[in-house]
Amino acid sequence: MSAFPPNFLWGGAISANQAEGAYDVDGRGLTKADVITGGARTVERKITYIDSSGQPGELRNKRADIPPGATHAVLPGYYYPSHEAIDFYHRYQEDIALFGKLGFKTFRLSISWSRIFPNGDETVPNAAGLEFYRKVFQECHKYGIEPLVTLSHFDTPLYLEEKYGGWNNRQMIDFYIHFAKTCFQEYRGLVKYWISFNEINHPLMIAELFREENEKAQFQAIYQQLHYQFVASARAVQLAHQIDPENTVGCMVAGVTFYPGTPDPEDILHNRYMWENIIYYCGDVQCRGKYPSYAKRLWDKYEVQLDISAKDLEDLAAGTVDMYTFSYYMSSIVTTHPNDDVVSGNYSSGVRNPYLEYSQWGWALDPKGLRYLIEKLYDRYSLPLMVVENGLGAVDEPAPDGTINDPYRIAYLQAHIQEMAAAIAHGAEVIGYTAWGCIDIISSSTGEMTKRYGLIYVDKDDVGNGTLERRPKQSFYWYQKVIASNGADLDQ
């Protein structure tokens, strides 16, 4: 007997900026991903620009701000992975056919905002962009696949960032709502599962890992940006329900399971605060419709003063999400004690856990951490949960006969699905699971193709060479069996 409900949504996930390519095709505008170069595990990606005097420049920290008066730019002589990515834009029919062969019940993808509104502040949408996604969604339904669509997945139109300051500006709420309303109306009947913002807590994780010299200004900006996004999400939820009562809208949080490093009460308290700072802060607002009591502690620590109105608070209360979706790749140990044995991965850092193994990218392989996270989240929110990102980045080498054997990925997915099943057996309501990078895509953190997650191999290397041929890996056939048995058959 399977622990999974009969209607469980098995599938896979990608994002537009890591898969679509066609960055300047059919009227699409630029996003910041389009001006960030390739990199590697030990090579920092760069952001390119033209300065106020017209000279080209680069920054070796993609999180840094370009000089005053400069504009982001695509420059000759650089390799930008997002420009072609894996060319899903032109090969979506082939890819979705493979997802159909896998037996997917759902496919998580994102809409590139700048493909619908190239600058982001237009009144009239780009017809070619609308038609592309319409065809993608129709293709999904041809195979009985339900689209799960993220509206904003780290690809705000670059024009909005440069002209308006991005999410530092309250006007962004209206631009986002116009985009969301357009999508809800255009794809009514084609899409009923939506996610408002991908890994909305990501800036908090980045700030925890990369502290700036002026922390107060850093956190003032982050908390203000998050507030505007919370309001935008809440208004979008209300709109989605008005346009189609069948719509289900979720938040999406980057999930990390935190453990205290020692029994020292200081570590226990520090661990609790990490859960509140990184995991619960965003979920509490989006699921409960109000700021939690501990928000005052966070704001006071950095002297944060929010631009927040009575109408904002009404919207937050009226626009709570229908489901909680999250990513999970690893756990992390936190401690107040000095320890030099530190590991990091996926924008998270912590002391090495001696009870766990680690990937070559420094990620703690902790399936039980997923069970722990699921049970804590369901206990806190009592909302349907979806694990919308989970997978193993690894180097996959084709054999001489062309086959790609990846038993390490099967073992990773198998262990995490088993722990998800245990959480369901313990009473948690989990309604779906989408393996991250179900087809090889470019890495968001490093810009590589070498770090592969896919069940489907894409012939492309880290500098853009390759045929883009798709080939199922060993894990493809294993996951196909898992879906066909509704999670009952997990054997390799």
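None of the figures in this text is laboratory data; all of them are computed from the coordinates on show. In this text the structure is predicted, and so the values were computed from the model without any measurement. Reconstructed Cβ throughout: ideal geometry from the backbone, glycine too, with neighbour counts over all protein chains shown.
The range 184-263: which chymotrypsin sites (Phe, Trp or Tyr not before Pro) are DSSP loop and have at most 15 other beta-carbon atoms within 10 angstrom? Present the calculation step by step, with values, prior to reporting the outcome.
On the way: sites: 184, 187, 193, 194, 197, 210, 219, 223, 228, 230, 258; in loops: 187, 210.
For chymotrypsin sites (Phe, Trp or Tyr not before Pro) across the range 184-263 that sit outside H, G, I, E and B with at most 15 neighbouring Cβ atoms in 10 Å, the list reads 210.
Please compute the length gained on full extension between residue 336 and residue 127, using 0.36 nm multiplied by the number of residues separating them and subtracting their Cα-Cα distance.
Working: separation 209, 0.36 × 209 = 75.24 nm, distance 5.41 nm.
Length gained, residue 336 through residue 127: 69.8 nm.
Neighbour counts of other C-beta atoms within 10 Å: give me 79, 453 arranged from fewest to most.
Working: 79 13, 453 26.
Result, fewest neighbours first: 79, 453.
Within the range 108-150, list the residues whose amide N lies under 20 Å from a label point set 7 Å along Cα→Cβ of residue 169.
So the set is 113-126.
First measure r as the distance between the Cβ atoms of residue 266 and residue 134, then evaluate 1/(1 + (r/R0)^6) with R0 = 56 Å and state the FRET efficiency to the nearest 0.05. Provide the component values of the computation, followed by the final result.
Details: r = 55 Å, r/R0 = 0.98.
Here the calculated transfer efficiency is 0.55.
For 359, 444, what ranking results if the residue with the fewest other Cβ atoms within 10 Å of its Cβ goes first?
Numbers: 359 19, 444 22.
Ordered by Cβ neighbours within 10 Å, fewest first: 359, 444.
Hey, how many Å between the Cα centroid of the range 302-334 and the Cα centroid of the range 126-158?
So the separation of the two Cα centres works out to 25 Å.
Amide H to amide H under 5 Å from residue 193: which residues, 5+ apart in sequence or cross-chain, H placed 1.01 Å off N in plane?
149, 248
Label-point separation (nm) for residue 93 and residue 477, each offset 7 Å from Cα along Cα-to-Cβ?
2.8
Residue 455's amide H: which non-local residues (gap 5+, or another chain) put their own amide H closer than 5 Å, with H modeled 1.01 Å from N in plane and none for Pro or chain starts?
For residue 455, whose amide H was placed from the backbone, the distant partners under 5 Å are 439, 440.
Report the full-extension gain for the segment residue 380 to residue 445: residue separation times 0.36 nm, less the Cα-Cα distance, to one decimal in nm. All intermediate terms of the calculation are to be shown ahead of the outcome.
On the way: separation 65, 0.36 × 65 = 23.40 nm, distance 3.04 nm.
That works out to 20.4 nm of additional length.
Which of the peptides 233-243, 169-179, 124-134 is most tightly packed, and how do the rest follow, judged by the mean count of other Cβ atoms within 10 Å per residue?
Details: 233-243: 21.7, 169-179: 18.8, 124-134: 16.3.
Per-residue mean Cβ counts within 10 Å order the peptides as 233-243, 169-179, 124-134.
Out of 447, 221, 128, whose Cα points farthest toward the positive end of the dipole of the chain (charges: +1 Lys, Arg; -1 Asp, Glu; placed on Cβ)?
128
Among 368, 105, 135, rank each residue by its count of other Cβ atoms within 10 Å, from fewest to most, as a rough exposure measure. List each step's numbers first, then the result.
Details: 368 16, 105 20, 135 12.
Going from sparsest to densest Cβ surroundings: 135, 368, 105.
With θ taken as phi - 60° and the coefficients 6.51, -1.76 and 1.60, list the Karplus ³J(HN,Hα) couplings across the range 45-53 in order, rounded to whole Hz; mark glycine and proline as x.
5, 10, 10, 10, 7, 10, 7, 5, 9
Each residue of the range 329-337 in order: what ³J(HN,Hα) in whole Hz does its phi give by Karplus 6.51 cos²θ - 1.76 cosθ + 1.60, θ = phi - 60°, with x for Gly and Pro?
Running phi through 6.51 cos²θ - 1.76 cosθ + 1.60 with θ = phi - 60° gives 10, 7, 10, 8, 9, 10, 8, 8, 9 Hz.
Quickly rank 306-314, 249-257, 380-388, 80-88 as a protection proxy: mean count of other C-beta atoms within 10 Å, highest first. Walk me through the numbers before you get to the answer.
Working: 306-314: 12.7, 249-257: 26.2, 380-388: 21.2, 80-88: 22.8.
Per-residue mean Cβ counts within 10 Å order the peptides as 249-257, 80-88, 380-388, 306-314.
In whole Hz, what ³J(HN,Hα) sequence does the range 250-261 give by Karplus (6.51, -1.76, 1.60; θ = phi - 60°), x for Gly and Pro?
x, 7, 8, 10, 6, x, 9, 8, 9, 10, x, x
What shape does the range 243-335 take by its C-alpha gyration tensor, where a ≥ b ≥ c are the square roots of the eigenvalues and a/c under 1.5 counts as rounded, a/b above b/c as prolate, and the rest as oblate? Mind dumping the intermediate values first?
Working: a/c = 3.36, a/b = 1.44, b/c = 2.33.
It is oblate, given that a/c is not under 1.5 and a/b is not larger than b/c.
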